[in-house]
Amino acid sequence: MTHTHLDHTGCLHELFRKMPWVELWVHESEGEQLEKGDERTLYGMAMFKSMCQSQYRLKDGDYKLKVHRKLVGGDVLKIGGMTWDVIHIPGHSMGCIALYEPAGKILIPGDVVYADHDIGRYDLYGADPKQHFDSLKLLSEMDVKMLLPGHNRIMNSVPDGYIAKTLDQWKGYLVSIHK
Ligand SMILES: [Zn+2]
Ligand SMILES: [Zn+2]
């Protein structure tokens with residue numbers, strides 16, 4: 001998983017129930033939180049925690065989970081005949097990762113960057129606007145043809161400089177908030 005916010009991890013109990021062989025792989029920083037039952041990143045903020053817990057009938061500790069593999073930046077994952085590079089891109093949360101497939105130039109950036117020059121929020125627990133800036137900068141230097149973001153829509157042919165332009169649009173917010 002690209003990170004452990006509830007809108008991405010909420011399905012895990014159902015997945016484990018229906019497919020017991022499924023393994024949970026996340027960045028080590030958020031993996032340690034899940035194993036300890038620290039749900040601060042999972043819910044992001046107290047308001048979301050109370051809202052989600054009442055709406056979905058969840059209780060504290062429901063997302064204390066076994067993590068099968070803790071990823072770090074630089075890991076290379078060989079899955080289904082494809083090779084994916086793990087890139088640590090904190091900012092939206094502390095353990096955000098992108099997965100990059102160099103052969104097809106495919107990027108799965110989680111909630112760090114979306115289509116339509118949008119980016120993920122940078123005000124939740126463990127988020128950091130300056131790190132988000134640095135992560136977008138790192139992604140902007142990569143050759144990306146297909147973008148598969150965590151929300152909105154897939155981009156099948158990403159224009160050259162798309163992430164750089166997105167960063168340019170947001171940098172005033174990311175940098176001034178950091179000051
Ligand atoms: Zn998120
Ligand atoms: Zn999300």
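Please give the net charge around Ser93, taking every other residue with its beta carbon less than 12 angstrom from that of Ser93, where Lys and Arg add +1 and Asp and Glu add -1.
Summing Lys and Arg as +1 and Asp and Glu as -1 gives -3.
Of all the stretches in the chain, which is the longest one without any exposed loop site, taking chymotrypsin sites (Phe, Trp or Tyr not before Pro) in a DSSP loop (any state but H, G, I, E, B) with at most 14 other Cβ atoms within 10 Å?
Excluding the exposed sites themselves, the longest stretch runs over 57-179.
Which of the three applies to the chain, rounded, prolate or oblate, going by the alpha-carbon gyration tensor with a ≥ b ≥ c and a/c under 1.5 meaning rounded?
Since a/c reaches 1.5 but b/c is at least a/b, the shape of the chain is classed as oblate.
Dipole of the stretch 1-114, Cα-centred, from +1 at each Lys and Arg C-beta and -1 at each Asp and Glu C-beta, to the nearest 20 debye?
In total the dipole reaches around 280 debye.
What percent do you get for the relative contact order of the stretch 6-70 when only Cα pairs under 8 Å and 6+ apart count?
Reported relative contact order: 46 percent.
Could you pull out every one of the lysines with an alpha carbon less than 25 Å from that of Lys137, ignoring same-chain neighbours closer than 8 positions?
Lys70, Lys105, Lys145, Lys165, Lys171, Lys179
Under 21 Å Cα to Cα from Lys59, which lysines show up? Leave out anything in the same chain fewer than 8 places away.
Of all the lysines, those that pass the test against Lys59 - Cα under 21 Å, at least 8 places apart if same chain - are Lys36, Lys49.
Pull up the cross-link candidates among the aspartates and glutamates for Lys66, meaning alpha carbon to alpha carbon under 17 Å and not fewer than 8 places away within one chain.
Cross-link targets: Glu14, Glu23, Glu28, Glu30, Glu32, Glu35, Asp38, Glu39.
Over the chain, what is the relative contact order in whole percent, taking alpha-carbon pairs under 8 Å and six or more residues apart?
About 18 percent, as a whole number.
For the stretch 131-179 and the stretch 85-128, what is the centre-to-centre distance using only Cα atoms, to the nearest Å?
9 Å
Would you calculate, for the chain, the mean residue ellipticity at 222 nm contributed by helices, counting each DSSP H stretch of 4 or more residues as -39,500 (n - 2.57) and dividing by all residues, to the nearest 500?
-10000 deg cm²/dmol
A short reminder: the numbers here are calculations on the coordinates, not readings from a lab. Everything numeric in this text was worked out from a predicted model, so none of it was measured. So basically every Cβ, Gly included, is an ideal-geometry build from the backbone, and we count neighbours across all protein chains shown.
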